[in-house]
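Accompanying notes for the structure given below.
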Protein chains: 2
Amino acid sequence: MSYESLVIEERSTNKKKQKPETKEIPFGRKFTDHMFTMDYDEVKGWHDPKIVPYQPINLDPAAMIFHYGQTVFEGLKAYRTDDERVLLFRPDRNLARLNKSSERLSIPALDEDKVMDYLLELVRLERDWVPSFEGTSLYIRPFIISTEPNLAVAPSKSYTFMVILSPVGPYFSGGIHPVQINVEDQFTRAVKGGTGMAKTAGNYSSGYQAQAKASETGNADVLWLDGVEKKYIEEVGSMNIFFKIDGEVVTPALNGSILKGITRTSILEVLNDWNVPVTERKISIDELAEAYDAGKLEEAFGTGTAAVISPVGELNWKGKKMEINNREIGPLSQELYDTITGIQRGRREDTYGWTVEV
Amino acid sequence: MSYESLVIEERSTNKKKQKPETKEIPFGRKFTDHMFTMDYDEVKGWHDPKIVPYQPINLDPAAMIFHYGQTVFEGLKAYRTDDERVLLFRPDRNLARLNKSSERLSIPALDEDKVMDYLLELVRLERDWVPSFEGTSLYIRPFIISTEPNLAVAPSKSYTFMVILSPVGPYFSGGIHPVQINVEDQFTRAVKGGTGMAKTAGNYSSGYQAQAKASETGNADVLWLDGVEKKYIEEVGSMNIFFKIDGEVVTPALNGSILKGITRTSILEVLNDWNVPVTERKISIDELAEAYDAGKLEEAFGTGTAAVISPVGELNWKGKKMEINNREIGPLSQELYDTITGIQRGRREDTYGWTVEV
C-alpha cells in the first residue's frame, strides 16, 4: 500500500457556503465546503490522498458502481462540546468496520491509522461546520466506490474512497420519543452467508418496500426477522434492537446477518459496567410476544449513530399490537441515552476512552 | 408520465471511435459513440429522452446510488445476420423485467413501448457497431440509477435511465465448451423476501467472495444453493441452470429468489415445443448427487444472455466431484444452443416471433 502525504486544496474564502443557523437541519442534504478523496489502482494501491472543495464526481457510465454495487460506507458524527471542543465517538471502530465490510465486498483494505489522520484533518479544516445547537452534530460519511469502466461481473481494479460531511439536526426534533414499529413478515433484509453484516449499499434500498408498507399503517420503521425461519429478531430499520424483559436486557446475538453496531457495542459495555444483566442471544418474535402478554416486556429500544437510542413505543406483528411502557421512554433507555450522549458531548466523564478530540 | 420526443445529438464524424476489427473483443470494456439518457423527477416524471455522445456522468458525491444501491439494470444483445440485418432477441421481455426489478427497488416504472422505441433508435444509430464475426454481438446495457443528493435512507426523488452499448466477442473464444463449477455451501446469493428475482447491483458484488473461492480451486463459476436450507439448487453465477436427469429436463422453479431468465423462459418454450419432458421444480443438491451416482445425470447447462448455453462439465460439492457427460457438450445442450443462436442470428426460422429487427 503506498500512501503519499495529504494534499489540501482549499476553497477560496469568498466561495464558501452558508452554515445552518438553526437546529432544524434536515438529515444528509447539506454538505460542507470540502471533501476527502483517495484513489486505488492495482499498481499504486491506495494513493493520492486529497482534501478538495466539495464537487461532483465524474464517472464513466460503465463504472462498476452503477452496475454491480461493489461499494461500502460508514457513518459517524463529530460533536461540539459546551467548551468548544470537537469530539468524535469511537472513530477507530468505524474504520475497522469499513475494512470488514470491504473484505466481504472484495474491496482492498485501507490503512486505518493513515485514514484516521486524513479524517481528523478533514474535520479540523471544517470544524466551524460542527453545529453547537442541542442535539446537532456533523455527520461524517466515509465511502468507497468501484470505478473501473467494465461490465464483466468481477471485482473492480480501481476504486475511490471519499469522505463527505453534513451538518445534521437532532434525530427527533422534539427530543427523544418512542416510535411505532412494524414487524416485517414478508420481505427479508439479510440472511446468513449474505452481506447483512456489512455496510454496503444493496442492504439499504432492498428495505424500501418494507419501509413503505410499514409507513402506510402509521409505523415509523421496520423490525426485521431472520431470513431463514422468519422467526428470530434481527434489527430495526438501520438500527440494532434491545429489549428489557423481566429485569434482563437482551439483544440478538451477531449471527452473520446483523450489523455490529458501534452504539450496540458501547451499550453492552455500559450495561456490563453497571452490572445490569445483559445477554446477546437468539430471541424469537414469539418469545417477545409471550413476554409482552405476561407483562414482562419492560422496555424496547433501537440503537445507532443517528438517534443513539430510539425507544420503541409500539410493535405491530401480524395484527397484534404491543404497547411498550405506555409508549413512554423507559428509565433504562433514558439513562443509557443520557450516558452515551453525555460522553459524546463532553458532559460526562469519558471513563471508557471512547472520544477522540479533533 | 410525461415523455417528450427524442432528441438526438450526434458526435461529429471525425471524433468517432474505432470499431473492433477482430472477434477477440473483451466483454464490456469498449463502448460505442452514443448513449441514451432520460431523467426522472417528481414533477415531470420521466422526461428529456436524449441520445448523446458517450460521455462521463456527473454526480454529487451524496447521490443515493453511491450509498444505498437503489439501481436496476438489464442486459440484451443485438445480432448481425448473414444478410446484414440487425436483430434483437425478445427485448420486450427485458423491458418488462426492468420494470419488475424497479418495482422491487421502489424505482418509478418506465413506459415500455416508449423505451422500446428509444432503444431501437439508439441501436439503429449505432448499427455499424454490431459486429459480424461468428459469436460476436452488440451488448445492450439499460440501467437506472438514483441521483438525489441525500443521505436519508429512503427512495430517491430523482433518477437517470441510461442505455450504453458494447461490442462483445464470443463468450467462449474457442467455441462452446463445458465448464467446471463449484457448489457454494457458505455464502448466500439470495433468499425469499430479498432481491434475488431483481436485476439489481447488490446481488452481483455479493457473489465475488464465492467466485474467488471457486476460482482458487480451478472452477469457472459458482452454483448457488437456497439461502434457507443450503439444500436446493438456485442458479449458476449469473445464469439459470438446467439438468437432464434420466431423460427428463428439470430446472429450479421460480421461488422469489431466482432470476427469471429470458433464455430460461425461451428454452422451456422450445423444449415444450419439441415434446421433451421438462419440469420446473425444487431440486436438491442431494437429489442431483444421487442421480449422478446412479448414472442418470445426463447433461447440465447454464443459460443466460452472455453464453446462451454454457454446458457444465464438472460439479464440485464438498469434495465430491461429478463429471457430467465426460465433460463434453451433450446432444440436447448442443441442439438448444444451435436453435436459440440460430434464431438470434437469423439462420433458423423464428417461428416463435422472438426477434425484432432494428
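If I model a spin label at B:SER284 and B:SER158 as a point 7 Å from the Cα along the Cα→Cβ vector, what separation in nanometres do I get?
Taking the two extended label points, one gets 5.3 nm.
How much net charge surrounds A:HIS177 when only the other residues with a Cβ under 11 Å from the Cβ of A:HIS177 are counted, with Lys and Arg +1 and Asp and Glu -1? Before the final figure, lay out each step's value.
Values: positive: A:ARG327; negative: A:GLU328.
In short, 0.
Report the net charge of residues surrounding B:GLY237, where surrounding means a beta-carbon distance below 12 angstrom and charges are Lys +1, Arg +1, Asp -1, Glu -1. Intermediate values should be presented prior to the final figure.
Details: positive: B:ARG189; negative: B:GLU184, B:ASP221, B:GLU234, B:GLU235.
Net local charge, B:GLY237 excluded: -3.
Please give me, ordered by residue number, the GluC sites (Glu not before Pro) of segment B:205-241 that lie in loop per DSSP and have at most 15 other Cβ atoms within 10 Å.
Of the GluC sites (Glu not before Pro), the ones in loops of segment B:205-241 whose Cβ has at most 15 other Cβ atoms within 10 Å are B:GLU229.
Work out the charge dipole of the protein assembly as shown with +1 on the Cβ of Lys and Arg and -1 on the Cβ of Asp and Glu about the Cα centre, then indicate which of A:SER101, A:TYR337, A:LEU138 is farthest towards its positive end.
The one lying farthest along the dipole's positive direction is A:LEU138.
Taking +1 at the Cβ of each Lys and Arg and -1 at the Cβ of each Asp and Glu, which of B:GLY75, B:TYR352, A:GLY261 sits farthest along the dipole of the protein assembly as shown towards its positive end, judged by Cα position relative to the Cα centre?
The Cα lying farthest towards the positive end belongs to B:GLY75.
Can you work out the Karplus-derived ³J(HN,Hα) for every residue in segment A:161-168? Use 6.51 cos²θ - 1.76 cosθ + 1.60 with θ = phi - 60°, whole Hz, and x for glycine or proline.
Once θ is set to phi - 60°, the couplings for segment A:161-168 become 9, 10, 10, 10, 10, 9, x, 10 Hz.
Using unit Cβ charges (K, R positive; D, E negative) and no other charged atoms, how large, in debye to the nearest 20, is the dipole of the protein assembly as shown about its Cα centre?
On the way: 84 positive and 106 negative charges, 150 e Å.
With only Lys, Arg, Asp and Glu charged at Cβ, the dipole is about 720 debye.
Give me the net charge of A:GLU290's neighbourhood, meaning all other residues with Cβ under 12 Å from the Cβ of A:GLU290; Lys, Arg count +1, Asp, Glu -1. Kindly include the intermediate steps, with their values, before the conclusion.
Numbers: positive: A:LYS296, A:LYS320; negative: A:ASP246, A:ASP286, A:GLU287, A:ASP293.
Local charge sum for A:GLU290: -2.
Can you give the FRET efficiency for B:ASN272 and B:GLN334, using 1/(1 + (r/R0)^6), R0 = 22 Å, r = Cβ-Cβ distance, to the nearest 0.05? It would help to have the intermediate numbers written out before the result.
Details: r = 19 Å, r/R0 = 0.86.
The formula returns an efficiency of 0.70 here.
Please arrange A:VAL278, B:VAL43 by counting, for each residue, the other beta carbons lying within 10 Å of its beta carbon, fewest first. Don't jump to the answer; show the numbers that get you there.
Working: A:VAL278 18, B:VAL43 7.
Result, fewest neighbours first: B:VAL43, A:VAL278.
Express as a percent, rounded to the nearest 5, the fraction of DSSP beta bridges in segment A:179-344 (both residues included) that run antiparallel.
Details: 21 of 32 bridges.
The antiparallel fraction comes to roughly 65 percent.
Could you give the dipole magnitude of segment B:7-168 about its Cα centre, charging the beta-carbon of Lys and Arg +1 and that of Asp and Glu -1, in debye to the nearest 20?
Values: 23 positive and 25 negative charges, 91 e Å.
The calculation lands at about 440 debye.
Along Cα→Cβ, 7 Å out, is where each label goes; now give me the distance between the ones at A:GLN18 and A:LYS260 in nm to one decimal.
4.5
Mind checking which of A:ARG348, A:ARG264, A:ARG141 has the largest fluctuation in a GNM of chain A, springs on alpha carbons under 10 Å?
A:ARG348
Based on Cβ point charges of +1 for Lys and Arg and -1 for Asp and Glu, what charge dipole magnitude is obtained for chain B about its Cα centre, in debye rounded to the nearest 20? Working shown, then result.
Numbers: 42 positive and 53 negative charges, 140 e Å.
In total the dipole reaches around 680 debye.
What value, in deg cm²/dmol to 500, does the helix sum -39500 (n - 2.57) over DSSP H runs of n ≥ 4 give at 222 nm once divided by the residues of chain B?
Details: 8 runs with 80 residues, N = 358.
Roughly -6500 deg cm²/dmol at 222 nm, from the helical runs in chain B.
We did not get these values from a lab; they are worked out from the coordinates using the rules stated. Keep in mind the model is a prediction, meaning the values are calculated, not measured. When we count neighbours, we look across all protein chains shown, and the Cβ atoms used for this are built from the backbone with ideal geometry, even at glycine.
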